[in-house]
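The structure appears right after this line, and notes come after that.
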Amino acid sequence: MIVSIYLLLGALLLLVSIFSSKLSVKYGIPSLLIFLGIGMIFGSDGIGVVYFEDYELAQQLGIIALIYILFSGGLDTKWRKVKPIIGPGLLLSTFGVLLSSLIVGYLVSLILNVSILEGILFGAIVSSTDAAAVFSVLRSHSIGFKYRLRELIEFESGTNDPMAIFLTIGLIQFLTIPDMSSLSLLLLFVKQMVIGAVLGILFGKAINWIINRSNLTYDGLYPVLSLSFVPLIYACTDLLSGSGFLAVYLAGLVLGNSTFVHKRSLLNFFDGIGWLMQICMFLTLGLVVFPNQILKVAPEGMIIALVLIFIGRPISVFLSLMFTRFNIKSKALLSWVGLRGAVPIIMATFPLVAGMEHAELFFSIIFFVVVTSVLIQGPTIPLAARLLKLDEPLYEKTRYPIELEPTIDTKAALKEVRVSNGDFAVGKQILDLGLAENVLITLINRDGKFIVPKGSTVIEVQDKLLILSDKDEVSEIRDLLTKKSQTA
């Protein structure tokens, strides 16, 4: 009976969260706020359906959810897109996080009347950003960013979590272990990052090798096999004193940019797992929060949120990217899109579990800062992008009724080519395009409708062509079809 009640409550919370997420797409409300809000409504300070005050359990659930979210994020990260911005991205996720922690930490120590180190601990906890909150806003307004800013934001958010988590745990140890030196903390950082990076890359290659050669009897076991690798990566790396969070992200990045059997289905599977973990994490954090306590720290929380938004984040971005090719407008936009997510709230439970003096105050203010950051910056991101002239149309990937499931040795690829006004292909029959015999236009997406083409089918402006060809020929085919005609 009790189990059935728990299952019913869990199912209802998940269903309400899933269908409420439509508000994120329709109105540009970040999903973080929706899921947190549902947790708070059902919590003890809301309608009282669920009473939950176990910070240690919330922390453990948050860590489990986070490693799957990071792995899923790594799988979705395309190396060819992030490669040009990897230098600036690493600067933002390391030096930028450190700068933000120091700047915000010093000002927090003055505002809350705590020690400098405790203030820096606070700064470290709120230093990581959340790309998912940014992209949910952009998707609702159908806009994107120029100059690979989207890729930079995505890469920064995936790689700054390990740095922020290390600073948080390291500073807690430094504050609670009297004989720990600054040199020990520095050596710990180097050790964690090096071990995490090396094991992450090795595990990614190993997983790819195992999946391709496991030859499992049932296809349904491949998601289970892949699922089991994530905690294995984190646990092994953590036991060897490395950064497990960095390892799982890099393992996902290596695997996602490799060829392996059932790749399409596994990517879709982990996308769903990522969403499930986000919902569970946000709901748990919403349940553990007591709104009455949050309101008591609203004045201090608002000041610190404004410090983070208008001082800490901009200074860290401009200094980190000082010698990069990004101009002032790009840096200004990057400063504004530094939304906070669930990671700071999860990390805010670390001082609570460690029994630190100002832990409860920190948790309440950090929760307030995260929500304030999303409420102030989130809705204004499209406006900021337009004012800085860094916005561009967001092209959503077309969902085709057919997919190509690659094998280990496959050389074929299904790729979409968009035809614009003045392109060579416009107005020509398919048989007149001069395509090689091994190139096939399988489908045409025209005004949202799919057409099975014939040789006599005429290509029109804004057609999206789904082309089957060898991987090595994709760029050449795209160049042929989209080159501007002489009469354009």
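The values are calculated or read from the model by the stated rules, or taken from the named source; none is laboratory data. If you're wondering where the values come from, they're calculated on a predicted model, not measured in any experiment. In this analysis, Cβ positions are derived from the backbone assuming ideal geometry, glycine residues included, and neighbour counts consider all displayed protein chains.
One table, with the values for the structure above:
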read-out	value
Options Ser265, Ser330; residue that is of a type in the set (Ser, Thr, Tyr), in contact with a helix residue (DSSP H, G or I) (Cβ under 8 Å, 6 or more places away or on another chain) and buried (at least 19 other Cβ atoms within 10 Å of the Cβ)	Ser330
Unique match (being at pLDDT 90 or above and among the polar types (S, T, N, Q)) among Ser136, Ser140, Ser109	Ser109
Residue match in the stretch 234-250 (condition: among the β-branched types (Val, Ile, Thr), farther than 30 Å from Leu188 by Cα and assigned by TED's automatic domain parsing to the domain that holds Glu56)	no
Selection count where residues are over 15 Å from the mean Cα position of the chain (by Cα) and part of a loop (DSSP other than H, G, I, E, B), scope the stretch 51-106	4
Leu388 vs. criteria at pLDDT 80 or above and not aromatic (Phe, Trp, Tyr)	yes
Top-ranked residue in the stretch 268-309 [being touching a Leu at 6+ places or on another chain (Cβ under 8 Å) and more than 22 Å from Ser17 (Cα to Cα); ranked as surrounded by the most Cβ atoms within 10 Å (Cβ to Cβ)]	Ile304
Which numbered condition Tyr68 misses (of (1) surrounded by fewer than 18 Cβ atoms within 10 Å (Cβ to Cβ); (2) closer than 23 Å to Met277 by Cα)	(1)
Subset of the stretch 184-215 (residues that are part of a helix (DSSP H, G or I), free of Cβ contacts under 8 Å to residues at least 40 places away in the same chain and closer than 18 Å to Thr259 by Cα)	Leu202, Ala206, Trp209, Ile210, Arg213, Ser214
Filter pass, Ile365 being at pLDDT 90 or above, under 22 Å from Lys296 (Cβ atoms) and over 18 Å from the mean Cα position of the chain (by Cα)	yes
Criterion (in the same structural domain as Pro351 (by TED's automatic domain parsing), surrounded by fewer than 16 Cβ atoms within 10 Å (Cβ to Cβ) and either within 30 Å of Thr259 (Cα to Cα) or at pLDDT 75 or above (or both)) met by exactly one of Leu57, Leu75	Leu57
Inter-residue pairs, beta-carbon under 7 Å, first closer than 24 Å to Gln59 by Cα and of a type in the set (D, E, K, R) and in the stretch 107-128, second modelled with pLDDT of 90 or more and in a helix (DSSP H, G or I), 6+ apart	Glu118/Ser109
Complete set of residues in the stretch 174-214 that are closer than 22 Å to Phe71 by Cβ and polar (S, T, N, Q)	Gln192, Asn208, Asn212, Ser214
Those helices (runs of 4 or more DSSP H) lying entirely in the stretch 216-333 with at least 2 residues among the aromatic types (Phe, Trp, Tyr), modelled with pLDDT under 90 and within 20 Å of Ala58 (Cβ to Cβ)	263-288
The stretch 287-303 residues that are in the same structural domain as Ile38 (by TED's automatic domain parsing), paired with ones that are of a type in the set (D, E, K, R) (beta carbon under 6 Å, 6 or more apart)	Phe290/Asp45; Pro291/Asp45; Asn292/Asp45
Residue in the stretch 42-50 that is assigned by TED's automatic domain parsing to the domain that holds Thr168, at pLDDT below 75 and part of a helix (DSSP H, G or I) present	yes
Number of the condition not met by Ile207 [criteria: (1) over 19 Å from Gly73 (Cβ atoms); (2) buried (at least 19 other Cβ atoms within 10 Å of the Cβ); (3) β-branched (Val, Ile, Thr)]	(1)
